[in-house]
Every structure is written in structure tokens, then in C-alpha cells.
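*Asks:* Have a look at this one.
Nothing in this text is a laboratory measurement; each read-out follows from the coordinates by a stated rule. In this text, all values refer to a predicted model and were calculated from it rather than measured experimentally. So basically every Cβ, Gly included, is an ideal-geometry build from the backbone, and we count neighbours across all protein chains shown.
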Amino acid sequence: MLYMFLLHSEPGTEWPADIIDQHLAFWRETRERGAYVSSEALGGDLSAAITVRVRQGKILATDGPFAETREVLGGFYILDCANLDQAREYAAKIPDAKYGSVEIRPIMEVPRWPYEGIPKRRRHPMGGAAG
């Protein structure tokens, strides 16, 4: 089943010099085990973020992230896991779990969504349990 792992940290977190090497080791492990689907790092400069809302037909753009929070979303992984227990095991191995937090979210199968042309992956049913 597909899970997204959202990597959060507090602004000003001091990252070790080898953090990229730690992520590369995790990437290699998940690729070798056939779990790796995708990952990306997000820009850490929140002043570059823009939140867009449409209300009563008007576009409202606000500088910065939508939510007031102490933690910043810094990146993500998408992994294909056998179950939630395996997802938890992977989350504990993501380097950011030692310096911030890793949020696990199931990726849902959306009825009538046109999935043609993308690799077939097991998604969670809408409204179903994420285990």
C-alpha cells in the first residue's frame, strides 16, 4: 500500500553534515527492497511559500504557509509498504525522525480518477482503514 511520509522540522534545526548521505542510505535501502516510489526536498525558505485560496470567486494569495505551526514541512517520501507496521518501520529509519518528525499518511484510491499511464500501485480505499 502507498504511504506518504511528510518530513517536518523546527526552523533553525541543526542538521548533521552527513544528512544527505543518511538520506541516500535510506533511499538505497528502500529501492533495494522495492518500496521506493518518489521523494523530494522542499524549499526551506518560508518567505518563498505562497498559499492560494478561492473564496466567493476571488483568488486570495497569502505569503507564507497556510497553517501557523512551529514545524516546517521540508520534504516527503512515497513508499509502497506491505502494511502500516512496515510504514512505521520505514518512518523510524528516515533521518528526519531523529531531528524532527515524520508523519505517515495513506495515499488513497480515488474512484473514477484517471490512473492510466502511471505505474499501478496499491492505494488505500477512500473511507477505508489505512492499515
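*Asks:* Looking only at ASP63, ASP85, ASP21, which one moves most when the chain is put into a Gaussian network model with springs between Cα atoms under 10 Å?
*Replies:* Taking springs between Cα atoms under 10 Å, the residue moving most is ASP63.
*Asks:* ALA25 versus ARG53, label points 7 Å from Cα toward the beta carbon: distance in nm?
*Replies:* If labels sit at ALA25 and ARG53, their model points lie 4.3 nm apart.
*Asks:* Okay, moving on. Can you say what percent of the DSSP beta bridges in the chain, counting only those with both residues inside, are antiparallel? Round to 5.
*Replies:* Working: 25 of 27 bridges.
Beta bridges within the chain, antiparallel portion: roughly 95 percent.
*Asks:* Still on this structure: Between the DSSP loop rule and a limit of at most 14 other Cβ atoms within 10 Å, which trypsin sites (Lys or Arg not before Pro) in the range 1-54 are left?
*Replies:* Those that pass, being in a loop and sparsely packed, are ARG33.
*Asks:* Mean-square fluctuation check for the chain, GNM, Cα pairs under 10 Å: which of GLY43, GLY100, GLY117 is largest?
*Replies:* The residue with the greatest mean-square fluctuation here is GLY117.
*Asks:* To the nearest 500 deg cm²/dmol, what mean residue ellipticity at 222 nm is calculated for the chain from DSSP H runs of n ≥ 4 alone, each contributing -39,500 (n - 2.57), summed and divided by the residues?
*Replies:* Rounded to the nearest 500, the figure is -6000 deg cm²/dmol.
*Asks:* Moving on. Toward the positive end of the charge dipole of the chain, about the Cα centre and with charges on Cβ (Lys, Arg +1; Asp, Glu -1), which of LEU6, CYS81, VAL54 goes farthest?
*Replies:* Most positive-ward Cα: VAL54.
*Asks:* Right, here's the next one. Projected area of the range 2-125, taken from the Cα convex hull and averaged over every viewing direction, in nm²?
*Replies:* Answer in nm², one decimal: 10.0.
*Asks:* Between exposed chymotrypsin sites (Phe, Trp or Tyr not before Pro) in the chain, where DSSP calls loop and at most 14 other Cβ atoms lie within 10 Å, what's the longest gap?
*Replies:* So the longest stretch without any such site is 1-65.
*Asks:* Given an 8 Å cut-off on Cα distances and at least 6 residues of separation, report the relative contact order of the range 2-125 as a percent.
*Replies:* Values: 177 pairs, mean separation 53.8, N = 124.
Once normalised by length, the contact order is 43 percent.
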